[in-house]
């Protein structure tokens, strides 16, 4: 077995994965898919959230083969999924309840501004979401922009 991994209950985790993250993932994996969770990836040193929007919600499973790694399974009927970047997890939630959070976790500052770019307005975009002063997304209503920020901050599980 490769020394680059911590083996817990037969599952291989990256050596830099915090014990609390491993415990939450193992608890979720062993819950018979009763626990749909949301993973927040980011910088494991600074706690800065990368603001991933896709492939972040599901059930924890495990791959087959000689090195069994944690997988994020989309729904209860799925058999496979993508590899979990367990050493890059900065927050884990279930039903918007925080199960794990990096000690320095932060999302940056989100703001909403009315769109001023004529080309974007002509395409139907009325509002822009900025993160730390840089444009992050555009929406066709202020409410959708607010929903997006709530999603990115983990206050809701759908955009």
Evaluated at 20 °C and 1.002 mPa s, the Stokes-Einstein D of the stretch 110-152 based on the Kirkwood radius over Cα pairs, in µm²/s, stands at 213 µm²/s
Rounded to the nearest 10, the angle in degrees between the Cα long axis of helix 19-29 and the longest principal axis of the Cα atoms of the chain comes to 90 degrees
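When the Cα atoms of the stretch 40-117 are enclosed in a convex hull and the volume is divided per residue, what value in Å³ results?
Details: hull volume 11.8 nm³, N = 78.
With only Cα atoms used, the stretch 40-117 gives 152 Å³ per residue.
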For the stretch 1-68, using Cα atoms only, the Rg and Dmax in Å read 12.9, 34
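Only counting other Cβ atoms within 10 Å, I'd like 67, 92 sorted with the fewest neighbours first. It would help to have the intermediate numbers written out before the result.
Details: 67 13, 92 21.
Ascending number of Cβ neighbours within 10 Å: 67, 92.
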Taking Cα atoms only, helix 142-152 is inclined relative to the longest principal axis of the chain by an angle, in degrees rounded to 10, of 20 degrees
The FRET efficiency for residue 87 and residue 35, from their Cβ-Cβ distance with R0 = 30 Å and rounded to 0.05, is 0.90
Note to self, the chain gives a 222 nm [θ] from helices alone (DSSP H runs n ≥ 4, -39500 (n - 2.57) apiece, / all residues, nearest 500) of -5000 deg cm²/dmol
Neighbour-count ranking for 8, 84, 118 (other C-beta within 10 angstrom, fewest to most) reads 118, 8, 84
Within the stretch 83-121, the residues whose backbone N lies under 13 Å from a label point placed 7 Å from the Cα of residue 140 along the Cα-to-Cβ direction are 121
Rounded to whole angstroms and listed largest first, the alpha-carbon spread of the stretch 88-159 along its three principal axes comes to 43, 23, 17
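Take the Cα gyration tensor of the chain, multiply each eigenvalue by 5, square-root it, and list the three semi-axes largest first, rounded to whole angstrom.
Working: eigenvalues 232, 55, 34 Å².
Over the Cα atoms of the chain, the semi-axes work out to 34, 17, 13 Å.
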Counting only DSSP beta bridges fully inside the chain, the antiparallel percentage to nearest 5 is 95 percent
At R0 = 41 Å the Cβ-Cβ FRET efficiency linking residue 23 and residue 111, nearest 0.05, sits at 0.70
The rounded separation in angstrom of the Cα centers of the stretch 67-94 and the stretch 21-64 is 5 Å
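Readers should treat all values here as calculations from the given coordinates under stated rules, not as data from a laboratory. Model, not experiment: these values are computed from the prediction. Backbone-built Cβ (ideal geometry, glycine too); neighbour counts: all protein chains shown.
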